[in-house]
């Protein structure tokens, strides 16, 4: 059923990029809504306001964590789409599954922020990250298998992208293991790791190669 | 009134695509907000957290359902827009009506998730899906009648798109009927159906025809 | 101060269109959040659910009203942007003011829906519509005064756009006057008016002129 | 680790613009949600509704403030992106940090609106503005250092952009100092300043130079 339809369905890289930018934009902007501002009725002095804001520190920490996670996956997906010549229906659906996993992050982040002393919260957060990783790997596998890549996309690129996802997931898994033993250490490990991903390239600070 | 205005009004396929991507992105990201994370005050142990998360299963099920429904309509609309050479005011408004029906889905999904033991909730959900189907059919009818299609868009494409919408609505109607008799069976039927739509093409996994 | 800066600032029609599509997409998707689904604890039978849903009718009516209002302004702004060759800093800020007025609509709609028996609610809603109209008129005035239009944009287009905004605001004003005397009649008048704007072109249903 | 990956990662100016437009669109549309409409149960007359709406004036003031702040940073970032020939991974991450600072504005605005009689609220708001300024300066520094600018981008442009950010931050700092002494005066000072930024160019109202 629908074979004629499947041949014409979807296939627009630009639309996938636009939906993705929309999902990431909404998700990253909504994250801050989980940091509830202190209630006016509870605050009667500078000291109380300062204390109320300081009490938000754990939420702020998971906010930083989630903002960076979203950024890493956004950059990762962008890198993949840049390699594409075109999309097809399979790739579109694989990308959509990836975005669905991304939209679940605000939920698992909230559970993680509220209950990081419990292993189940850490496991849930890690499962969500794993799903994001698995689906972004799937999109790349579909892209290569269905020959959607640009002609100038090299096998090195293919290897670099696959290795990148694998290594990142390995570190997330390690972070989850550490977190099961010592929650704060797990969070700190993952944030340090993500800072390395995001900031590392800034260290080199060399003029780019020509072209 | 406004005849001169109507000739110049709207007519930008890119803007319709951009608004659509925005609406779908917001809708799909907001869906997860309906899965309320457990309250910190209610949870005192791993077991209680696990129980609280398990209690969210029906919500998670309707979340999956709605994410897939949005995905199917997003792919369907994208397929139509790909066939267009240009848009005009009628097409723009028909597309806008379709998007309005889409924005209602989070509401009818919530009612469905909370009250799926009641026939009215199932009927409401089905009416919303029907409205989405009717308006996306309308956009296509406008596109063909107003000759907005690309020159290389074949009659086969026209038939495939119309049949696709008709068959999908037939199945949704069947799912609603099953749901009226046995709610969970109706949900299961629709999810199975949607997985078939989304995943089916992945089975074939053959290199695409050249070009 | 900043004269050198002002010459290079902003000026990208595509960015204005993208921000606009984002604002309209978020606004139209958020509108449905004001229709609160019935609470599970309050509903014990089909009849109670039906009654609870029927009680949402006034909210649904203002939802329809606001969805159409957003649609009309979105089409109107799109029509303007289509006429532009380029943008500059003034046009960008005028467009931004227009979008700010649009983002206030969910608030004044909510007040209107809850308090349409009070004249102040009707006046507030009308002031918001008036601000949207005034700012969209301002964007067009800036576009013509700063010579941002495409070379093929005719004086007829200029007249059609100005007359359109003026006539629409006249009708909104009339609707507000009627609403002050008889709220439901005012709402009915405005909805009928908007349906005429949106649906009227569909009546003609003729093949477009060549080109 | 990941050197091969870093060379291919990100680098699409259009994606950065699209994510930015999405973030600004969501942020500016969400701001109005902080102006809570009066509750139906509390209002029994025109006079009570008028009083309830008048009581929202401080919120409306900070809403205006935040809408303008977002507008100024959106125009500022757009101005930078217009100068770019291409992006790279460093620029993408610097832009993402800027957007993260922007997404925090609704939170610090809310705290500011509720507690502007307390110095800590003003300091928090100012720190957020400072972070936005520092990160947008960082993106420009990365763009120039990594030679991402268009060939026709002049040193004048570079100076104008750097001076602009510096001067604006100086004024925000001044506004914060005034606000510490006299909160309302600080808000008034910043709003006046922002109106000058946004509206000033409208005064000149001269036809643009050819080209």
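The values are calculated or read from the model by the stated rules, or taken from the named source; none is laboratory data. The structure presented is a predicted model; accordingly, all values stated were derived computationally and were not measured. FYI the Cβ positions are ideal-geometry reconstructions off the backbone, even for glycines, and counts take in every protein chain you see.
Within segment A:79-88, the residues that satisfy the criterion of being surrounded by fewer than 24 Cβ atoms within 10 Å (Cβ to Cβ) and more than 14 Å from chain D (Cβ to nearest Cβ) are A:85, A:86, A:88.
Looking at the structure I just gave you, is residue A:170 more than 11 Å from chain D (Cβ to nearest Cβ), exposed (fewer than 14 other Cβ atoms within 10 Å of the Cβ) and assigned to a helix (DSSP H, G or I)? For residue A:170, the condition - more than 11 Å from chain D (Cβ to nearest Cβ), exposed (fewer than 14 other Cβ atoms within 10 Å of the Cβ) and assigned to a helix (DSSP H, G or I) - is met. Regarding residue D:61, is this residue in a helix (DSSP H, G or I), surrounded by fewer than 18 Cβ atoms within 10 Å (Cβ to Cβ) and in contact with a helix residue (DSSP H, G or I) (Cβ under 9 Å, 6 or more places away or on another chain)? For residue D:61, the condition - in a helix (DSSP H, G or I), surrounded by fewer than 18 Cβ atoms within 10 Å (Cβ to Cβ) and in contact with a helix residue (DSSP H, G or I) (Cβ under 9 Å, 6 or more places away or on another chain) - is met.
Kindly provide the set of residues from segment D:39-48 that are more than 7 Å from chain C (Cβ to nearest Cβ) and in a loop (DSSP other than H, G, I, E, B), ordered by number. Hits for segment D:39-48 are D:39, D:44, D:45. Among the residues of segment B:146-161, those identified as within 11 Å of another protein chain (Cβ to nearest Cβ) and either under 15 Å from the mean Cα position of the chain (by Cα) or surrounded by 15 or more Cβ atoms within 10 Å (Cβ to Cβ) (or both) are B:146, B:148, B:153, B:157, B:158, B:160, B:161. Within segment C:11-38, the residues that satisfy the criterion of being more than 8 Å from chain B (Cβ to nearest Cβ) and either modelled with pLDDT of 90 or more or at positive phi (or both) are C:11, C:16, C:19, C:20, C:23, C:27. Applying the criterion of being modelled with pLDDT of 90 or more and under 30 Å from the mean Cα position of the chain (by Cα) to the residues of segment B:49-59, the residue that is nearest to the other protein chains (Cβ to nearest Cβ) is B:53.
Let's see how each residue does on (1) surrounded by 24 or more Cβ atoms within 10 Å (Cβ to Cβ); (2) modelled with pLDDT of 95 or more:
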residue	(1), (2)
B:100	no, yes
B:107	no, no
B:112	yes, no
B:118	no, no
B:121	yes, no
B:124	no, no
B:129	no, no
B:134	no, yes
B:144	no, no
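Of all residues in segment B:44-58, those satisfying the criterion of being surrounded by fewer than 22 Cβ atoms within 10 Å (Cβ to Cβ) and free of Cβ contacts under 8 Å to residues at least 12 places away in the same chain are B:44, B:45, B:46, B:47, B:48, B:50, B:51, B:54, B:55, B:57. Screening the candidates D:35, D:16, D:72 for the property of being over 15 Å from the mean Cα position of the chain (by Cα), over 26 Å from residue A:48 (Cβ atoms) and either surrounded by fewer than 24 Cβ atoms within 10 Å (Cβ to Cβ) or touching a residue at least 60 places away in the same chain (Cβ under 8 Å) (or both) yields one hit, D:16.
Taking the options C:174, C:148, name whichever one is at pLDDT 90 or above and touching a helix residue (DSSP H, G or I) at 6+ places or on another chain (Cβ under 7 Å). The unique qualifying residue is C:148. State whether the residues of segment A:111-122 include one that is within 14 Å of chain D (Cβ to nearest Cβ), within 20 Å of the chain's Cα centre (by Cα) and within 20 Å of residue A:65 (Cβ to Cβ). No, because not a single residue in segment A:111-122 is within 14 Å of chain D (Cβ to nearest Cβ), within 20 Å of the chain's Cα centre (by Cα) and within 20 Å of residue A:65 (Cβ to Cβ).
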